[in-house]
Amino acid sequence: MKGDTLEYNTDGIRLKPNAAVEELLARLPGLQVDASGNITLNGEKIQKLLVDGEDLFSADPTIVTKNFNADMIARVQVLDRKSDQAAFTGIDDGNRTKTLNLVLKESSKKGYFGKLEAGGDTQGTYNANGLLGSFKGREQFTALGLASNTGALGFNGNTGDPQARLNVLSFTGDALGGSAGTGIPRVAATALHYANSWDGKEDHVMGNYQYGHLYTQPFTTSRTVQTLPDSIYTQDLQNNSLNSQDQHLFYGVYDFVPDSLSALKLSVNGLTQRGRNQFSSIGSSAFNDTLVNSSLRMIHSVVKNQNAGGSLFWRSRVHKKPGRSFSFIAGLNRLDNETTGYLYAKNRFYGAGGVWLSADTIDQRKQIGSKGYTLNGGVNYTEPLWKNTVLGLGYGLSRNDNESLQYTWNRGDGKYQDFIDSLSTHFQGVTVTQNALINLQEKSARFTYTLGGSVIWYNYRQKDLLSDSTLRYSYVNFAPLAVVNYTIDPFTSWHFTYSANTQQPSITQLQPVKNNNDPLHLVLGNPDLHPSLTQNFGLWFRRLKPFVLNLGLNFGVTGNSISTKTYTDSLGRQISQAVNVGGAQNAGLNFMINNKLEPWGIDAGFHINASYGRSVNYVGVDLSRNDNYIAGGGFSLAKYVPDKYSIQLNTNFSYFYNRSSVNVTAPTHYWTQSHYGLFSFFPFRGFEINTTVNYTWQQQTGNFGNSTSVLLWNGFVSQNFLNNQLTIRASINNLLDRNAGISRSNLGNTNSETTTNIMGRYWMLSGIWHFTHRRREK
């Protein structure tokens, strides 16, 4: 431990030639890397990854961990990174991002390196990607390229993982709901990164650019089961869509330090997205297995999103008193989102015995848009009081002007010209927020703390341009903050946090208008919504010798939380509205211990996790208190013998229990288990036989009659040539063709199970070329 930073020295860890960074991370006690490349520390996900303190691509960490070679890394650091504003002003706002920083070896910063990979099979499956990097001192340049139809969602090489997230691309937000899911994407993408520092590392520039094109045809089937006071309401859907998207993203930072007393920081960002979607859905609903409706729905939409902004930070220190500083912050952000398209829906309704009662048809053109800008500014002041202790004062003011509209036209005489007042709105809103902050901060070798809080004044005004009416409301909140770190010795530390934050209702939750994009599930606005206040407590203990031990406890309560009120009529039609409720809370425990078992040389780990959550919502007129309990645990074993073999096993068992107060006789409970195994064998120099197995199982429940099991078995053989620069690999994915995109979710009184199309079995022959050039010292 170095202060609040956990640091691993990678000297002495032997890996195979050209091993990726994620293979190095998997060897470090306390860190876990799952099959998709996601990194966690004591159950907490690593959200950001830096290379020598620089943010590469502002994207998922797997971009680096799956493409950079492990032999470039000297040390690995894990830290809770402060926000950019807190780091610049010196006033801690309590915001933290779990961050992993890869410290490069000096020898890795004296030339260029890269990787080219191309593979395919006779069935038209292909995957090609490339990396070029050049590091020289503090100067960094990296370029990435990718083209694939294997389900790889970015540069991370995922194959058919239903939980995978897009790295370079993120789906456009279609206000009409024109996507059925992820599916099996065909993607092409590129990314560029440049960073440099000079004048004693004070002056600094960094820029990231990304472009991505995505085309996918997802198909999903889902069953949703809702517990109602007197019945069980079940909805079955089959959805499919065609989705294409293009995205450009840029982010840049410039730091300028003209002298020892002042500093300037400028950041800019921009995003453009354009997508086209075709969606169709058929479904049916039932009360206690009695059919009440059937539906057909089709959507065609075009989505355009633009977002651009920037911020300027300026700081000045007073020469006569070190630690005394004054800073100023200003920012501007502009967004413009628009969805246009067509909605066609046909619904049939049934009575007792399946007797047809009625039907309705919707054929409409839609235009849904939002645009606006946010202007913010603030001043901050720090004053040293006594040794290692600083008083921080801050004031911030922001104004958000936004405009949202939803226009709907019915089809008449073959044209969409009949304007529908009841399904159309046009709102203008102005939000003014003031924030006054005061805190006391101390930082020493062993003990650091921040104590204080903010007072927030919030004023909101919304004008309905169609009805010429105005809504106003305001409130005041206090958000206290406490962050305490105590390092007993270099191997033992405690960490405590307490924070409070508010959640504002969105403009779509406030709008008093029906949204009939899904005619069986109508959404109403609620102009009487108020912000919620959440208080979170956390306590962590970490011990690094003689074994690695992590213990984490957390608890949170939410007052006035924004939830939903849903009414279901006798024909299965639902109307939902956002409402404020009380009583939401959550708690959790994470325990993990890692140690090397001698004399066998086995790295062993054991973990236990438990969580409790209560959500509150209205089911009709009844207030539903939904209690959710999860308890689980597992172990991991790994043994590495250089140049001979590598074995890894991770296993986990969990029990889930959910009960809703509106019908305590119909709880949901089931067991799940997941196992991951890896075996690599090196029979002779440069040759590898590798296999991985992922197995997940979920017990059947009263809502879902069958247990589910998914088995993903992959394998490859490879041979290195030309001093390990060239690798020829033959691989087969989903060997038994038993992978399945099945997932379950539980929220409030609602349980759902979804199946998504993913990659089936395929093989691939690939060539991978690694190259490195180190500049000679003069």
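Find, to one decimal place in angstroms, the Kirkwood hydrodynamic radius of segment 495-604, where the mean of 1/r is taken over every pair of different Cα atoms and then inverted. Don't jump to the answer; show the numbers that get you there.
Numbers: mean 1/r = 0.0562 Å⁻¹.
About 17.8 Å, per the Kirkwood formula over Cα pairs.
Going by Cα centres, segment 642-689 and segment 566-583 are how many Å apart? Cα centroid to Cα centroid, the span is 37 Å.
Rg to Rh for segment 663-778: what is it, with Cα atoms only and Rh by Kirkwood? Don't skip to the end; give the middle numbers.
Working: Rg = 21.8 Å, Rh = 17.9 Å.
My calculation of the ratio gives 1.21.
For GLN47 and LEU296, what does the FRET efficiency come to when R0 = 45 Å and r is the distance between their Cβ atoms, rounded to the nearest 0.05? Write down the numbers at each step before the final one.
Values: r = 41 Å, r/R0 = 0.91.
Computed FRET efficiency for GLN47 and LEU296: 0.65.
Distance between the 7 Å Cα→Cβ label points at PHE547 and ILE13: 2.1 nm. Extension gain for ALA730-PHE141 works out to 208.9 nm (0.36 nm per residue, less the C-alpha to C-alpha distance). Annotation: segment 565-678 has a Kirkwood hydrodynamic radius of 17.7 angstrom, from the mean reciprocal C-alpha pair distance.
Want the number for LEU465 to ALA482: 0.36 nm per residue separation, take away the alpha-carbon distance, what's left? Walk me through the numbers on the way to the answer.
On the way: separation 17, 0.36 × 17 = 6.12 nm, distance 4.41 nm.
Here the answer is 1.7 nm.
The HN-Hα couplings worked out from phi for segment 427-442 by the Karplus form 6.51 cos²θ - 1.76 cosθ + 1.60 (θ = phi - 60°) are 10, 10, x, 10, 10, 10, 10, 10, 9, 10, 10, 9, 8, 10, 10, 10 Hz, whole numbers, x standing for Gly and Pro. By accessible area, using a 1.4 Å probe on protein heavy atoms only, the chain has 56% of its surface on carbon and sulfur. A simple spin-label model places the labels of ASP528 and ALA352 3.7 nm from each other, with each point 7 Å out along Cα-to-Cβ. Using R0 = 30 Å, the C-beta based FRET efficiency linking ASP360 and VAL432 works out to 0.10. The length gained by stretching the chain between ILE282 and ASP4 to full extension, at 0.36 nm per residue less their Cα-Cα distance, is 94.7 nm.
Tell me, what is the percent relative contact order of the chain, built from C-alpha pairs under 8 Å that lie six or more residues apart? Kindly include the intermediate steps, with their values, before the conclusion.
Values: 2243 pairs, mean separation 72.8, N = 778.
Here the relative contact order equals 9 percent.
Remark: relative contact order (segment 39-153) = 21 percent; criterion is Cα-Cα distance under 8 angstrom and separation of 6 or more residues. Modelled label positions at THR97 and ALA445, each set 7 Å beyond Cα in the direction of Cβ, lie 3.2 nm from each other.
Placing a label point 7 Å from the Cα of ARG411 along the Cα-to-Cβ line, the residues of segment 354-383 whose backbone N sits under 17 Å from it are 360-367. For TYR395 and ALA631, a Förster radius of 45 Å and the Cβ-Cβ distance give a FRET efficiency of 0.50, rounded to the nearest 0.05.
Within the set LYS66/LYS136; LYS366/LYS565; LYS115/LYS136, which residue pairs have Cα atoms separated by over 20 Å? Listed pairs above 20 Å: LYS66/LYS136; LYS366/LYS565. Across segment 344-463, Cα pairs under 8 Å and at least six residues apart give a relative contact order of 21 percent.
Accessible surface for segment 641-774, divided over its residues, is 52 Å² per residue with a 1.4 Å probe. Percent of Cα pairs in the chain per distance bin of 20 Å, from zero to the largest separation: 13, 45, 36, 5, 0.
Over segment 360-516, average the accessible area per residue using a 1.4 Å probe and give it in Å², no decimals.
51
Where only DSSP H runs of four or more residues are counted, the chain gives -500 deg cm²/dmol as its mean residue ellipticity at 222 nm, each run worth -39500 (n - 2.57). Taking a spot 7 Å from the Cα of ASN536 along the direction of its beta carbon, which residues of segment 437-474 have an amide N less than 12 Å from it? Inside the label zone: nothing. Excluding SER244 itself, what net charge comes from residues whose Cβ is under 14 Å from its Cβ, given Lys and Arg +1 and Asp and Glu -1? Here the count lands on +2.
The values are calculated or read from the model by the stated rules, or taken from the named source; none is laboratory data. Being a predicted model, the structure only gives us computed values, none of them experimental. Neighbour counts are summed over all protein chains in view; Cβ atoms, including those assigned to glycine, are modelled from backbone coordinates with ideal geometry. Accessible surface areas use protein heavy atoms only, side chains included; no ligands, DNA or RNA. Shrake-Rupley method; radii C 1.70, N 1.55, O 1.52, S 1.80 Å.
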